[in-house]
Amino acid sequence: VKMRKIFGVIVFLLLLTNCFGNKTQTTGAYKAYDFTFKDLSGTVHKLSDFRGKVVIVQFFGTYCPPCREEMYALEDIHKRFKDRVVVIGLSVDYVGRDISGLKEFAKQMGVSYLVGVASQRAWEEYAYKITGLDTIPQTFIIDKNGLLRFYETGYRPSYAGLIEKAVSKLLGEG
């Protein structure tokens with residue numbers, strides 16, 4: 001297991017271990033790619049529709065245990081910050097497939113935040129261009145101005161607290 005130290009979460013200097021592709025990192029302030037997706041009820045959304053709120057975007061697979069763990073943490077954040085934070089879960093394993101199974105999965109997971117299917121372009125703009133990795137989960141936090149400020153790849157229970165700190169920090173800005 002390869003270990004290395006990295007810095008993370010906006011202004012905080014956090015020491016994390018990098019194991020099996022797990023990584024938490026600030027990005028600086030890059031303009032987030034403005035993707036469009038259809039949620040499970042058929043409503044079309046565009047990332048820029050949520051300007052003025054902090055947005056968390058998770059790319060996940062229904063077959064992925066770490067993705068499921070992170071979804072519980074994201075559901076908690078969604079419930080606690082509902083009026084100020086938008087959580088979007090984008091499935092990478094339902095591209096081009098009937099979404100009835102994805103609807104059932106979201107129901108079983110107790111997910112009440114927005115869930116849809118990731119477009120190939122959104123996956124490429126975030127996973128390949130930002131992290132350079134083809135692993136899930138990958139989670140991105142976008143500030144109220146549409147700037148990508150934080151991301152993580154993989155998931156560990158400690159990430160829930162890091163995500164919450166990043167969200168709180170971004171909510172306190174401007």
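The values are calculated or read from the model by the stated rules, or taken from the named source; none is laboratory data. Keep in mind that what you see is a predicted model, and the values were worked out from it rather than measured. For neighbour counting, all protein chains shown are included, and Cβ atoms are generated from backbone atoms with ideal geometry for every residue, glycine included. Side chains are part of the model used for accessible areas, which takes the heavy atoms of the whole protein and leaves out ligands, DNA and RNA. Shrake-Rupley method; radii C 1.70, N 1.55, O 1.52, S 1.80 Å.
Placing dummy labels 7 Å off each Cα toward the beta-carbon, the span from His45 to Arg121 is 1.9 nm. For the residue pairs Lys38/Lys107; Lys46/Lys107; Lys46/Lys165; Lys79/Lys107, the alpha carbons lie more than 21 Å apart in Lys46/Lys107; Lys46/Lys165. Carbon-plus-sulfur accessible fraction, the stretch 30-112 (probe radius 1.4 Å, protein heavy atoms only): 49%. Looking at the stretch 50-174, the accessible area is 43 square angstrom per residue; that uses a 1.4 Å probe and ignores ligands, DNA and RNA. Can you tell which of Gly61, Phe81, Tyr94 lies farthest toward the positive end of the dipole of the stretch 21-133, using +1 and -1 charges on the Cβ of basic and acidic side chains (Lys, Arg; Asp, Glu)? Ranked along the dipole, the leading option is Phe81.
Could you point to the residue in Ala166, Trp123, Tyr151 farthest towards the positive end of the stretch 123-174's charge dipole, with +1 and -1 charges on the Cβ of Lys/Arg and Asp/Glu respectively? Result: Ala166.
For the stretch 71-117, the dipole from Cβ point charges (+1 on Lys and Arg, -1 on Asp and Glu) about the Cα centre works out to 180 debye, to the nearest 20.
Dipole size of the stretch 67-174 about its Cα centre, with +1 on Lys/Arg Cβ and -1 on Asp/Glu Cβ: approximately 280 debye, rounded to the nearest 20.
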